[in-house]
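Participant: Sharing a structure here in structure tokens format.
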């Protein structure tokens, strides 16, 4: 199913998406139709400066959402999309896949195409914050990336990982019961807490001069990211990736590190070890099965790389 949504006033796409899929409304919750999946979406608005949408559902079929933003002149909002944020221990069905945990940061004016795959659980939070609010809250932080997010006139995209503190804060939103009169205030505090954790991680990124990035380059970088995710058993070839992206190798290396905070191979290796950890814990495969499945011919090498990224040897990690 393909859905096109035009956001003309920066008010978000929650209701428009719900109308497109025929979802029913239950108070502040929008329930996914049974023919499409199960779960809900909900949202909060605190004036023009801060909004939040929570997605907690799975889909039986793929939905491609093309979002075109037509933001009024003078209105500048930054989007923080936290995917895979809720604790995966709550997964109800072992056949369902989970989103890769990360935080995507960009101007709301950047139109996007989101492919929501079938049989995938979407446990995400989207925060939209005005630059005025962000400057008031985080303007004293001295870091080139923070300055770029708060003030740059150029297009930017950043991606960071999900911390345990973010998972804890987000999980409290769906598990913590508060009186109805405090619900709105409670979620605002949690929303602001998540923003604090995001900016704390941004401060850990290496400072470097940021250059503007074209929307076509953003699409090319994410095509590379998904290629790496789909080929974890094969080491990336920079020359081939650069050619497919229509970039020179130096440009690819620069923009990839600027966006993801890691070089291409380091990012690939990190995803590879995250998948190894998931297979050991959720699929209960042996260390050798996981190593061979992810393209390692030398299990001692696999063990060393796993320990470098995860902090424990794979055998010890598998029995925790």
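FYI, it's all coordinate maths here, none of it is from the lab. All values derive from a computational prediction rather than experimental measurement. All Cβ positions, even for glycine, are placed from backbone atoms using ideal geometry, and neighbour counts span all protein chains on display.
Participant: Spin-label point model (7 Å from Cα, Cβ direction): what's the residue 231 to residue 35 distance in nm?
Facilitator: Going by the 7 Å Cα→Cβ label model, 3.9 nm.
Participant: Mean separation of Cα pairs under 8 Å and 6+ residues apart, divided by the residue count of the range 215-318: what relative contact order is that in percent?
Facilitator: Relative contact order comes out at 25 percent.
Participant: Here is a follow-up. Using a 7 Å offset from the Cα along the Cα-to-Cβ direction at both residue 182 and residue 163, what is the distance between the two label points in nm, to one decimal?
Facilitator: 2.5
Participant: Here is a further query. How large is the Kirkwood hydrodynamic radius of the range 143-274, counting all unique pairs of alpha carbons, in Å?
Facilitator: 16.9
Participant: Which order, highest average first, do 31-40, 133-142 follow once you tally other Cβ atoms within 10 Å for each residue and take the mean per peptide?
Facilitator: Listed from highest to lowest mean packing, they are 31-40, 133-142.
Participant: If you don't mind, another one. Under a no-solvent Debye model with one identical scatterer per Cα of the range 215-318, what's log10 I(q)/I(0) at q = 0.14, 0.22 Å⁻¹?
Facilitator: Ignoring solvent entirely, the Cα scatterers give -0.57, -1.05.
Participant: Using only the Cα atoms of the range 144-217, what do you get for the radius of gyration and for Dmax, in Å?
Facilitator: Using the Cα atoms of the range 144-217, the pair Rg, Dmax is 16.0, 47 Å.
Participant: Under a point spin-label approximation (7 Å from Cα along Cα-to-Cβ), what is the residue 140-residue 208 distance to one decimal in nm?
Facilitator: Label-label distance for residue 140 and residue 208, simple model: 3.0 nm.
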